[in-house]
Amino acid sequence: MDLFSGAGGLSQGLTDAGWTVAAAVDHDPKALDTHRANFPGLALDVDLGDENARAGLVRLLRQVEIDLVAGGPPCQPFSRAGRSKIRSLVEAGKRNPEDHRKELWRAFVGVVLKVRPRAVLMENVPDMALGDELFVVRTIVAMLEQAGYRTQVRLVDAWRFGVPQHRQRLILLARRDGAAFIWPEEVEHFTTLREAIDDLPRLNLGTGGRRMTHTSEGLSPFAQRMRRGAEPGIVFDHMTRPVRDDDRRVFAQMTSKTLYSAIDPSLRRYTADTFDDKYKRLDWNDRSRSITAHIAKDGYWYIHPEEHRTLTVREAARIQTFPDSFRFAGTRSDAFRQIGNAVPPMLGEAAARALAKRKELGDDGHRDWTSVRKILAQHATRQRRGENWYLLPEQGRPPALAALVAMVAGQPGLGSALEPLRGTATLTRQLLQRVLEGRTTPRLRNAVERLAPLLEDPDVAQDADQLEIKLGLRAAEADLFRLLLGEDRLVPNQTATRVAARVVGTDSHTTNRLTAGRLDLALLVGSGVHAASRMAAVRLLGATVCRTEATKSLCVACPLRKKCASALV
């Protein structure tokens, strides 16, 4: 079953991996026409955001046994402000907490939980999935794990599975048969554009056509794969847009290294300051830039490596790894849009093979992250009773106290300085004065002086949003502030990602902290009511025992030592 199937890029990958796509669901008529023309199963026009329509689909699917539900649901992230706004509307009774009509990822998971397939495959754009501290992805993982699925979330470079473009995708896999996730072997060398499209006919000054003659001599292994099942001697949909004379003059001056800002100003049609990469000529000996739906609007990001024109529909399809036998419904722009929105079939095939049925359970190094999260939650509970109490979220803590801690965290001896504030439900000027009577630092004194005037207005002192604005908290301070108030958010600073990378057994904290590092951290933190405590516990471990220079004595003191891939014990 392929949900949010589009034209069928993922369906093609599933088919190549040995599955039969019994049904595909989308709400785009042209994409559904394409799917019907290329696959034997049902292509259903269902608005998955409509609860009644979704219920009807589930009733249909329950009549058969579905082995795999796959798809690429839109996972538009909630901004921090957006999540805060939704929460306040729910608390004020102005929004139904179950109003998720626009959150189509919930529709995807909802179908999965009702149909209960053996396996699940979800694909998404990393920027969307990572854009809200993985809140959506962590929530999906928690829902699936609670339903008995074993999960894996992985950032994948598509070129490592033969796709001739720079394209990274987030893949979430789940299975409830106990077997391992074993991916196909990755390639050592990427497929170049020359290997991908050089055999296609030259167009010279023309725009190509729906049907053109094709020679099969000297095909690269990649091109041979693309030609399987294609009509001999014929290539379809090798057509592009007409090129303006002034654009053609610009294209003629460009190499793959040329930036738009380097073009003769008299030939530019756009402001170079705004569009420094408006035009991009591709390189025969490299991969293409990522093919996206933007190609349906114009092809300036995808200028042919040699000819002075933009890519054709077939060239774009080849770069996405659609076979030449695959045809697209609608106009040229419709085809470009479908291609740009698609999952590259060869990437889909690799992910699908990782979910193949196996008699043996196997071992892919998967660990029980539920037990890791339990240890972190217990560590947070213990630390609340000790000298680091102020660095852990606690129910009933006044927002003003959380703001104070956020402004001064990391100062030596802070625990004893803040001791007069432990357990207080309301922060007052008098309590702050007691802090100043003890040992202070210039930073702590400055923070107290900034905060004290705001305590005169209870509406401000108890309002997290107003405190954050009026205090002018920096990004790192705001992260800690919200965390101490118990908000579920991932805080991928260097300390936390170091802990996560060591426990998982990667070097993501030094090589790829903002992407792979976040994923490693998400494994430890999870989601739900205790996520903030677990996140705070990870930060605290990084500041106390999981230091930059690991030692055996420090590892002995770590509660995660038995679960850590890098422990020196």
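The values are calculated or read from the model by the stated rules, or taken from the named source; none is laboratory data. Fair warning: this is a prediction, and the values are worked out from it, not measured in the lab. Positions of Cβ are backbone-derived with ideal geometry, glycine not excepted, and every protein chain shown enters the neighbour counts.
Conditions tested, residue by residue: (1) over 28 Å from R534 (Cβ atoms); (2) free of Cβ contacts under 8 Å to residues at least 60 places away in the same chain.
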residue	(1), (2)
R397	no, no
A406	no, no
Q411	no, yes
N446	yes, yes
A464	no, no
K470	yes, yes
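Taking helices (runs of 4 or more DSSP H) as the structural unit, those lying wholly within region 422-464 and holding at least 2 residues that are more than 39 Å from the chain's Cα centre (by Cα) correspond to 429-437, 442-451. In region 40-73, of all residues being surrounded by fewer than 17 Cβ atoms within 10 Å (Cβ to Cβ) and basic (K, R), the one that is modelled with the lowest pLDDT corresponds to R62. Annotation note: of L473, L524, L514, the sole residue that is within 14 Å of F135 (Cα to Cα) and hydrophobic (A, V, I, L, M, F, W, C) is L524.
Each residue in region 255-270 was checked for being aromatic (F, W, Y) and either surrounded by 14 or more Cβ atoms within 10 Å (Cβ to Cβ) or in a helix (DSSP H, G or I) (or both), and 1 pass.
The rows are residues; the columns are (1) assigned by TED's automatic domain parsing to the domain that holds A550; (2) among the hydroxyl-bearing types (S, T, Y); (3) surrounded by 16 or more Cβ atoms within 10 Å (Cβ to Cβ); (4) at pLDDT below 95.
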{"site": "T426", "(1), (2), (3), (4)": "no, yes, no, yes"}
{"site": "T441", "(1), (2), (3), (4)": "no, yes, no, yes"}
{"site": "L451", "(1), (2), (3), (4)": "no, no, yes, no"}
{"site": "E456", "(1), (2), (3), (4)": "no, no, no, yes"}
{"site": "A461", "(1), (2), (3), (4)": "no, no, yes, yes"}
{"site": "A476", "(1), (2), (3), (4)": "no, no, no, yes"}
{"site": "V491", "(1), (2), (3), (4)": "yes, no, yes, yes"}
{"site": "T495", "(1), (2), (3), (4)": "yes, yes, yes, yes"}
{"site": "R498", "(1), (2), (3), (4)": "yes, no, yes, no"}
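Inside region 304-334, residues that are touching a Ser or Thr at 6+ places or on another chain (Cβ under 8 Å) and more than 11 Å from T240 (Cα to Cα) make up a count of 6. Annotation note: of Q383, Q411, Q466, the sole residue that is among the polar types (S, T, N, Q), surrounded by 15 or more Cβ atoms within 10 Å (Cβ to Cβ) and in contact with a Ser or Thr (Cβ under 8 Å, 6 or more places away or on another chain) is Q411.
Residues in region 162-190 that are part of a strand (DSSP E or B) and not β-branched (V, I, T): Q165, Q168, R169, L170, L172, L173, A174, R175. Exactly one residue among T310, T331, T321 is on the phi > 0 side of the Ramachandran plot and touching a helix residue (DSSP H, G or I) at 6+ places or on another chain (Cβ under 9 Å), and that residue is T321.
Here's the yes/no breakdown for (1) surrounded by 14 or more Cβ atoms within 10 Å (Cβ to Cβ); (2) within 32 Å of the chain's Cα centre (by Cα); (3) in the same structural domain as D198 (by TED's automatic domain parsing); (4) in a loop (DSSP other than H, G, I, E, B):
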{"residue": "F236", "(1), (2), (3), (4)": "yes, no, yes, no"}
{"residue": "F251", "(1), (2), (3), (4)": "yes, no, yes, no"}
{"residue": "K278", "(1), (2), (3), (4)": "yes, yes, yes, yes"}
{"residue": "I295", "(1), (2), (3), (4)": "yes, yes, yes, no"}
{"residue": "W301", "(1), (2), (3), (4)": "yes, yes, yes, yes"}
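So for region 177-194 (the condition being farther than 30 Å from G71 by Cβ and in contact with a Phe, Trp or Tyr (Cβ under 7 Å, 6 or more places away or on another chain)), does at least one residue qualify? The answer is yes; a qualifying residue exists. Determine whether A516 is of a type in the set (G, A, S), modelled with pLDDT of 95 or more and closer than 25 Å to Q146 by Cα. Judged against the criteria, A516 is not a match.
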